[in-house]
1. Testing VAL270 on (1) open to solvent by 10 Å² or more (accessible area, probe 1.4 Å); (2) away from the ligand (no atom under 13 Å from the Cβ), one condition comes back false. Which one is that?
2. Could you tell me how many of the residues in the stretch 286-310 are part of a loop (DSSP other than H, G, I, E, B) and touching a residue at least 60 places away in the same chain (Cβ under 8 Å)?
3. Among helices (runs of 4 or more DSSP H) lying entirely in the stretch 10-123, which contain 1 or more residues that are within 20 Å of the chain's Cα centre (by Cα) and either within 24 Å of VAL292 (Cα to Cα) or in the same structural domain as ARG253 (by TED's automatic domain parsing) (or both)?
4. Go through the residues of the stretch 66-85 one by one and say whether even a single one is more than 16 Å from the ligand (Cβ to nearest atom) and closer than 30 Å to ARG27 by Cα.
5. Regarding the stretch 230-251, can at least one residue be identified that is small (Gly, Ala, Ser), under 27 Å from GLY11 (Cα atoms), within 14 Å of the ligand (Cβ to nearest atom) and not in a helix (DSSP H, G or I)?
6. Considering only residues of the stretch 144-194 that are among the polar types (S, T, N, Q) and over 30 Å from ALA25 (Cβ atoms), which is surrounded by the fewest Cβ atoms within 10 Å (Cβ to Cβ)?
7. Would you point out which residue out of ALA277, ALA220 is within 12 Å of the ligand (Cβ to nearest atom), closer than 20 Å to GLY188 by Cβ and open to solvent by less than 40 Å² (accessible area, probe 1.4 Å)?
8. I'm checking my understanding of the structure. Among residues of the stretch 127-140 that are away from the ligand (no atom under 16 Å from the Cβ) and under 28 Å from TYR195 (Cβ atoms), which one is surrounded by the fewest Cβ atoms within 10 Å (Cβ to Cβ)?
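The values are calculated or read from the model by the stated rules, or taken from the named source; none is laboratory data. Worth saying up front: this structure is predicted, and the values here are computed from it rather than measured. Here the Cβ positions follow ideal geometry from the backbone for every residue, glycine too, while neighbour counts run over all protein chains shown. These area figures cover heavy atoms from the full protein model, side chains too; ligands, DNA and RNA do not enter into them. Shrake-Rupley method; radii C 1.70, N 1.55, O 1.52, S 1.80 Å.
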Amino acid sequence: MTLRAILAGTGSALPRTRVSNAELAERVDTSDEWIVERTGIRFRHIAEPDETTATLGAAAAKEALAAAGLQPSDIGLIIVATATPDNTFPASATKVQAILGAPDCIAFDVAAVCSGFLYAVSVADSMLRTGAAKHALVIGSETFSRILDWEDRTTCVLFGDGAGAIVLSAEDVADDRGILATRLHAEGKYCDMLYVDGGPSTTGTVGHVRMQGREVFRHAVTNLASVLGEVMADVGLAAEDIDWVVPHQANKRIIDATAKKLGLPADRVVLTVDQHANTSAASVPLALDLAVRDGRIKRGDLVVLEAMGGGFTWGAAVLRI
Ligand code: ACO
């Protein structure tokens, strides 16, 4: 028997308001054609003032708990991956805990931007396997619309808001179910290529997203293909063994180019970027929840998660459902 972190349930939450490319083009100098051709994005959800990273994260967490058949009181660890916390502090994880009414447990945020969910999964996996908790809520939640410069068409058309959550449970298993491998990376020398130009310790303001799009694109394809190769080698499996890839949903061209590099057919890649745009740390758990709920991802499937984001940071995970 091996102690592993098992996927026990998934959930997601999207803001009420959905904005199409055509609606965006009424306020920004852009077009549906340009956005679809360069990114594959057609819609994004934008949070109303009463919808925050914590409220969206808690809504996603409630769905994941229900899917796992657990109560908030069963949870011993809450990790929220986010770059857009409700407040500088406390951690959004503690706000989620309060909204859920979960009693005393471990709760903290992880900041690795678009790779945040992969970092959070890796940390939760380690903590569950060393006995820190029996059940963990791992949430990616973002309100990126609050840090977009709506005058900058090169960034504001790319992002959206939302949340995804999973429950991971520590279980002694005789088979290969659960998280089988995770790999994380960071290269801080590239931190000026994708960043927010504000913060508590520098400007004292929240700031806006700034990005060198072409450089990000180039690094994303190289790093994602490389980290996917690493995790698959860790578990001794090949591309043809993968049932589903759930990639970070930044740009359809990045997803297609990465899949092509690895020889993965497009029909094994979960794609939501057209509906959600880039929801940063929320994008992987949102896409995972969608594919679990529509029956594509099922018990026994080998699933690979991957993401890359500001820092640069990037990572991947392999799990058997
Ligand atoms: N609408 C219309 N025209 C635009 C827009 C827009 N929204 N944005 C830029 N343009 C124009 C530019 O001004 C430029 O015009 P010019 O030739 O007259 O100067 C032209 O389009 C081409 O601009 P580029 O920046 O060269 O366009 P590119 O083909 O590189 O596409 C994009 C830009 C989509 C941002 C691409 O570089 C990209 O996807 N990069 C990856 C960025 C990303 O995904 N970031 C997410 C965070 S990181 C991550 O999650 C992996």
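1. (1)
2. 1
3. Numbers: elements: 21-25, 32-39, 53-68, 92-100.
Per the criteria, 53-68, 92-100.
4. yes
5. Yes, some residue in the stretch 230-251 is small (Gly, Ala, Ser), under 27 Å from GLY11 (Cα atoms), within 14 Å of the ligand (Cβ to nearest atom) and not in a helix (DSSP H, G or I).
6. Once the filter is applied, the top-ranked residue is SER169.
7. Working: ALA277 fails: closer than 20 Å to GLY188 by Cβ.
None of the other options fit; the residue is ALA220.
8. Within the stretch 127-140, the first condition is being away from the ligand (no atom under 16 Å from the Cβ), and the residues that meet it are 127-139.
Subsequent filtering for residues that are under 28 Å from TYR195 (Cβ atoms) retains 138-139.
On the way: VAL138: 28, ILE139: 35.
Filtering the stretch 127-140 for residues that are away from the ligand (no atom under 16 Å from the Cβ) and under 28 Å from TYR195 (Cβ atoms), the one surrounded by the fewest Cβ atoms within 10 Å (Cβ to Cβ) comes out as VAL138.
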